[in-house]
Structure formats: C-alpha cells, structure tokens
Amino acid sequence: LERSLAGVGQELRGLVSNLRFESARREAVLAGMAEGVLAVDPDLRATFCNRALLRAIGFRGEHYEGSGLLELVRDPALYETIQSVRSSGEPGKLRFVLSADTPRTFEVRATPLAMPSGRGVVAIFHDITDVERLEQVRTDFVANVSHELRTPLTGIIGYADTLLDGALDDTDNRRRFVEIIRSNAVRLGSIAADLLVL
C-alpha cells in the first residue's frame, strides 16, 4: 500500500509539473504576442490580459484580475460585442478606436471560452492604426493624381474640340491652341514620369 501511494504521489507530482510547464509556456506565448489578448469570465470580469493590451489601454494599476470589462476598456461597443458573444456563443468582430494616450484603431475578434463557471469570452485586439493611416495616404494620393491628370486633359480636350468646331480656319488662334495642347501634353508626360518615380 505504501509503495502504491508513493507511486501515485510520484505520478501526481509529474502531472502537476507538466501542468505548470504547459501553463508557463502558454503564458509566455500570450505575453509575447504583439496583439492584445483579453479573457473575461461569465460576469465579464478580466481573468487574463497580456502586456500588449495593458500597454494599449494605458493600464497603470497593480492587478487587473477581477476588474470589470468597462473598467479596463471604456468602450460601450466593445462591451456590447463581448456580451453578445458570451450570450450567443457565436464569434463576433468589431472595429473601434481606443483613446488611451494616443488614439489607436483596433479590430477585435471575440470568441466564446468554455469555463467551469459558465461561458466566458477571449478577445484578440489587432492594432490596425498604421494600416488605416496607409489606406488614407493611398486614398489621398489617388485623389491628388486624379486631379493632376484631369487638369491638363481638360485643357487638351477643350482646345481640340474648339479646333474641330471650326477654329482650324481661325489663322490668328489655331497656332496658340495647338501650343496650349502641346504644353498640356508635356505636363501629362511629366506627371507620368513622376508617377513612375513614386
């Protein structure tokens, strides 16, 4: 009996050691992620936050465990999304702006998390601020290029139409019109060369 109990004790110590190792490994992976990770229990109280999320929300306290979701991230849309995922059991997605020290835009994916006390939620916060900024730069660039191309094209089309509508016979103005068309064509060529460089 003593040998059996010693063997069971040895097995239990091995299992506990393996569980500690797995838990530490999981914690290290989650802590090292660039994305923010938040897990909440069925009462929407935080059970886990990684460093990336704590930095993003500007958390300055000692312990976040047990804090309500709205205490950590004061965003009603996020609260509603996480509450909906918890009650429906279906994954949810949300894009919102977090105004901590500097405003950041996040895309959040929330999925249900089975817990002994009921259904919790785990949410991954992906920072898309730089992506949105680059998208805005691209949009502005396209709008500016479109404007820059339209201006000389309008001149070329306008003066060509004028020539076709009878100004070819106007000896005083036709040379000037063709020069304007040529200067606008040169301007278009310059814009095209600049675009190639960009």
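Here, each number is a calculation from the coordinates, and none is a lab measurement. A quick note: this is a predicted structure, and the numbers were derived from the prediction, not measured. Cβ: placed from backbone, ideal geometry, glycine included. Neighbour counts: every protein chain shown.
Quick notes on this one:
- Normalised radius of gyration (Cα atoms, divided by 2.2 N^0.38 Å) for region 90-198: 2.10.
- C-alpha center-to-center spacing [region 1-60, region 113-129] in angstrom: 15 Å
- Taking 0.36 nm per residue of separation and subtracting the current Cα-Cα distance, fully stretching the chain between R25 and R45 would add 4.8 nm.
- Degrees separating the helix 174-197 axis from the principal Cα axis of the chain, which is the longest one: 20 degrees
- Helix 2-32 and the longest principal axis of the C-alpha atoms of the chain enclose an angle of approximately 20°.
- Overall Cα dimensions of region 48-98, principal axis frame, Å, largest first: 33, 23, 17
- Calculated P(r) tail over 29 Å for the chain, as whole % of Cα pairs: 55 percent
- Between helix 129-164 and the chain there is an angle of about 10 degrees, using the helix long axis and the longest principal axis of the Cα atoms.
- Amide hydrogen neighbours beyond the local backbone of V73, cut-off 5 Å, H modeled: none
- Spacing of the two label points (7 Å from each Cα toward its C-beta) at E90 and E65, in nm: 3.5 nm
- Helix-only CD estimate at 222 nm, as mean residue ellipticity for the chain, using -39500 (n - 2.57) per DSSP H run (n ≥ 4): -20000 deg cm²/dmol
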